[in-house]
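K.L.:
Okay, handing you the structure first.
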Amino acid sequence: MGYIGYYMKKGKWWGYLILLPMIVLTGYSYQTYFSDFLFNIPRYILICLFCACMMIMYPVMIFEDRNIKAVGAVIGGIAVITLTVIGLMNPPVYSTEILVNSEDHVFDDTYQVTLADETYGNVKIIYMDSVEDYFVHADFKKAGKTVLVLESPSGEKKEFDLSIEKDTYEITQK
């Protein structure tokens, strides 16, 4: 490590190339945590800010040559902007089946299913050929608590409390 650090601190342009894998790893962490941040706002905001700042600040703090500092900061800034745009254009979605047709919860494709707050995602009733039964399929877009409403063709409603997390959910009938 000392050998690598010695050549990195010589103030040459290839010193930034030695630092580049560290910035790439920090960028990967930024993208992962930014995705988690979008699903669980405001969680992960500090780690996202830290990763974004470090991608820009590593070359500024390590190198003495102004040109290397400027190029490194610009490359880091472009990487942060690019990863942010990619994260915003491809938001995280947790896709799962949350309810199955059973003796306790009888439904079919004539029933309507909705979420009380549509900002949490989309729900629909699907039929799975492999199981030969109906399921409530959900595509969740953010974490939180909402209510799932299952309405029969005759107008009878069943409500379920739904707590959503990044990779899990909890559903209980009211």
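The values are calculated or read from the model by the stated rules, or taken from the named source; none is laboratory data. A quick note: this is a predicted structure, and the numbers were derived from the prediction, not measured. In this analysis, Cβ positions are derived from the backbone assuming ideal geometry, glycine residues included, and neighbour counts consider all displayed protein chains. To get the accessible areas, we keep the full protein, side chains included, count just its heavy atoms, and leave off ligands, DNA and RNA. Shrake-Rupley method; radii C 1.70, N 1.55, O 1.52, S 1.80 Å.
K.L.:
Can you give the accessible area of S130 in Å² (nearest 10), computed on protein heavy atoms with a 1.4 Å probe?
P.N.:
Roughly 110 Å² of S130 is accessible to a 1.4 Å probe.
K.L.:
Please report, in debye to the nearest 20, how large the charge dipole of the chain is about its Cα centre when each Lys and Arg carries +1 at its beta carbon and each Asp and Glu carries -1 there.
P.N.:
I would put it at about 1840 debye.
K.L.:
For the chain, what is the relative contact order in percent, using Cα pairs closer than 8 Å and at least 6 residues apart in sequence? List each step's numbers first, then the result.
P.N.:
Working: 275 pairs, mean separation 28.7, N = 174.
Once normalised by length, the contact order is 16 percent.
K.L.:
Next up: How large is the direction-averaged shadow of the alpha-carbon convex hull of region 73-174, in nm²? Provide the component values of the computation, followed by the final result.
P.N.:
On the way: hull surface 33.3 nm².
With every direction weighted equally, the projected area is 8.3 nm².
K.L.:
Further, regarding this structure: What figure in square angstrom, to the nearest 10, would you give for the accessible area of K124 with a 1.4 Å probe?
P.N.:
Here the residue's solvent-accessible area equals roughly 110 Å².
K.L.:
Starting from the residue with the highest accessible area, list S95, S152, S29 in decreasing order, probe 1.4 Å. Before the final figure, lay out the partial values.
P.N.:
Numbers: S95 65, S152 15, S29 40 Å².
Of S95, S152, S29, the descending order of accessible area is S95, S29, S152.
K.L.:
In addition: In terms of solvent-accessible area of protein heavy atoms at a 1.4 angstrom probe, what is the ranking of I23, I41, I47, highest value first? Write out the running numbers ahead of the final one.
P.N.:
Values: I23 10, I41 115, I47 60 Å².
Highest to lowest solvent-accessible surface, that is I41, I47, I23.
K.L.:
Separate question: What is the angle, in °, between the Cα long axis of helix 45-62 and the longest principal axis of the Cα atoms in the chain? Nearest 10 is fine, range 0 to 90.
P.N.:
10
K.L.:
How large is the accessible surface of L162 in square angstrom, using a 1.4 angstrom probe and rounding to the nearest 10?
P.N.:
Number for this one is 0 Å².
K.L.:
Within the chain, how many Lys pairs sit with Cα atoms under 12 Å apart, leaving out pairs fewer than 8 places apart on the same chain? Show your work: numbers first, answer last.
P.N.:
Working: K12/K69; K141/K166; K142/K166; K157/K174; K158/K174.
Value for the chain: 5.
K.L.:
In degrees from 0 to 90, rounded to the nearest 10, what is the angle of the helix 14-39 Cα long axis to the longest principal axis of the chain?
P.N.:
20
K.L.:
With N residues in region 21-72, what two-decimal value do you get for its Cα radius of gyration over 2.2 N^0.38 Å?
P.N.:
1.30
K.L.:
If you don't mind, another one. Rounded to the nearest 10 degrees, what's the angle between the helix 66-89 long axis and the longest principal axis of the chain, both from Cα atoms, 0 to 90?
P.N.:
10
K.L.:
For the chain, what percent of Cα pairs sit more than 22 Å apart?
P.N.:
Numbers: 8828 of 15051 pairs.
Of the Cα pairs, 59 percent sit more than 22 Å apart.
K.L.:
Ordering M55, M61 by how much accessible area each has at a 1.4 Å probe, largest first, what is the list?
P.N.:
From most exposed to least exposed: M61, M55.
K.L.:
Further question: Leaving ligands, DNA and RNA out of it, report the carbon-plus-sulfur percent of the accessible area of region 115-174 at a 1.4 Å probe.
P.N.:
Working: 1510 of 3500 Å².
The computed percentage sits at 43.
K.L.:
Residue separation times 0.36 nm, minus the C-alpha to C-alpha distance between C53 and H105: what's the value?
P.N.:
13.7 nm
K.L.:
With the dipole of the chain worked out from charges on the C-beta (+1 for Lys and Arg, -1 for Asp and Glu) around the Cα centre, which of T96, I41, V80 lies farthest toward the positive end?
P.N.:
Of the options given, the answer is V80.
K.L.:
In addition: Is there a quick way to get the dipole size of region 3-89? I mean about its Cα centre, with the Cβ of Lys and Arg at +1 and of Asp and Glu at -1; what is the value in debye to the nearest 20? Please report the intermediate quantities before stating the final value.
P.N.:
Working: 6 positive and 3 negative charges, 47 e Å.
Here the size comes out at about 220 debye.
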